[in-house]
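See below for the structure under consideration.
The values are calculated or read from the model by the stated rules, or taken from the named source; none is laboratory data. Since this is a predicted model, take the numbers as computed values, not measurements. Here the Cβ is made from the backbone with ideal geometry for all residues, glycine too, and neighbour counts use every protein chain on show. Heads up: the accessible areas ignore ligands, DNA and RNA and are worked out on the full protein's heavy atoms, side chains in. Shrake-Rupley method; radii C 1.70, N 1.55, O 1.52, S 1.80 Å.
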Amino acid sequence: MSAADSDITDGRGQALGAIARNSADHPIEAFIDREVVSWHPPYARKVAALRAAMEPEARARWESTVAEKIRSNPGARDELAPSPWRNSLRVIGVVAAAATPAGILAGLGLGRGSTVLDPATGAVVIAVAGTIAVGALGGSLVRPARMGIPSRFAAGALWIATVGTLGSVVALQLRRSQWADDTFAWWCVAVAAGVLALALAVGVSRRRTAAGDRFTDRDADHLRRGVLQSVLDETEGAIVDAWGRVDAATRASIERERDTALDSVLERDPSAIDAAWMRAVPPGIRGLPHAVDEIHSSMHLGAAQLADREAGGRYGHFVTMARREH
């Protein structure tokens, strides 16, 4: 990687420093890192190839890790890798269960503005929604030997359906004088759905409790972050090797202009970035945690959002952890 392939001119660093900012989508170190790397196209292509390989490598390692974990602990299957049809049924069940509190509103005479759901309509809604919910959620539990220990998602969805349906059944009794001729029949259907949902919820919860030291969604999240961290560490090492193959004069020019950009940022806002932290590694590395956070979200959005909230930073888990290392 020779200097002839580079586009490094005096003033590039100053111009970069003038526009570098934290944005809602990119931390400032990722923005600076990307721009600095682009100054030397051969190196930029190598870094881009390494970054592009991160997601497929992370997914392949995750699949391998999951398979190994399930072999050693079959009960972890539903938490780690539930069958797609089970998850689909659970999503349908949760959506249906979300409609059951309509009966509570109808029973209490609550609504938005002057719009109040009448008890007769409320009974139909909770009967249909409760039946769909318990049917879908119950169906997701068939063939338990292949499922392993039911996941927290399965248990939580059943309790949502139970509380919504039985709560609505009780609330509708408060306005029984306004029932239609067929409301009692719909109410009985809702009662049956609620009781069945309760039985399933209790059964699933008891099975999870009896499992004792079971594999949890938190364990799955920790395992997933470990896989991503290993990919991040190896990619950083590969970038260090690639940087070492850039000729010394080009490296010196890039580092000089990068340092100028950092100084420019610090003059504007001394708290915006840690210059020593940026200078401690080759260009191309400080943007990697942001890329890994994006991969994390694509692999499991809910787990990534939880990790991000727990990390407490403005950006994702891996960006926050990288910033804390100094």
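Global size of the range 140-208: 15.0, 49 Å for Rg and Dmax (C-alpha atoms, Rg to one decimal, Dmax whole). Mean sequence separation of contacting Cα pairs (under 8 Å, at least six apart), scaled by the length of the chain, corresponds to a relative contact order of 26 percent.
Placing R0 at 56 angstrom, the Cβ-Cβ distance between residue 277 and residue 146 gives a FRET efficiency of 0.70 after rounding to 0.05. Taking every alpha-carbon pair under 8 Å whose residues sit at least 6 apart, the range 153-218 reaches a relative contact order of 50 percent. The magnitude of the dipole of the chain, with charges of +1 and -1 set on the Cβ of Lys/Arg and Asp/Glu and taken from the Cα centre, is near 1440 debye. Over the range 191-274, the pair-distance histogram of Cα-Cα distances with 5 Å bins from zero comes to 3, 11, 8, 8, 10, 10, 9, 7, 6, 5, 5, 7, 6, 4, 2, 0 percent, rounded to whole numbers.
Sparse packing (at most 14 other Cβ atoms within 10 Å of the Cβ) combined with a DSSP loop state is found for the following trypsin sites (Lys or Arg not before Pro) in the range 9-57: 21. Across the range 120-131, coupling constants 3J(HN,Hα) worked out from phi with the 6.51/-1.76/1.60 Karplus curve, θ = phi - 60°, read 4, 5, x, 5, 5, 4, 6, 5, 5, 5, x, 5 Hz, and Gly and Pro carry x. Here the Karplus relation 6.51 cos²θ - 1.76 cosθ + 1.60, evaluated at θ = phi - 60°, turns the backbone of the range 146-160 into coupling constants of 8, 7, x, 6, x, 6, 5, 4, 4, 5, x, 4, 5, 5, 4 Hz, with x for every Gly and Pro. Spin-label model, residue 23 to residue 300: label points 7 Å out along the Cα-to-beta-carbon direction sit 3.0 nm apart.
For the range 79-91, putting each phi into the Karplus relation 6.51 cos²θ - 1.76 cosθ + 1.60 with θ = phi - 60° gives couplings of 7, 8, 9, x, 4, x, 5, 5, 4, 4, 4, 5, 5 Hz, in residue order, rounded to whole numbers and with x for Gly and Pro. Here the average projected area of the convex hull drawn through the C-alpha atoms of the range 243-292 stands at 3.9 nm². Between the range 8-23 and the range 259-280, how many Å separate their Cα centres? Comparing the Cα centres of the range 8-23 and the range 259-280, I get a distance of 11 Å.
The residue among 235, 254, 271 whose Cα reaches farthest toward the positive pole of the charge dipole of the range 215-274, with charges on the beta-carbon of Lys, Arg, Asp and Glu, is 235.
For the chain, the C-alpha radius of gyration divided by 2.2 N^0.38 Å, with N the number of residues, is 1.40.
Placing a label point 7 Å from the Cα of residue 263 along the Cα-to-Cβ direction, the residues of the range 9-50 whose backbone N falls under 13 Å from that point are 11-15, 17.
The helix-only estimate of mean residue ellipticity at 222 nm for the chain, built from DSSP H runs of length n ≥ 4 each weighted as -39500 (n - 2.57), is -23000 deg cm²/dmol after division by the residue total. Share of carbon and sulfur in the accessible area of the range 5-59 stands at 51%, probe radius 1.4 Å.
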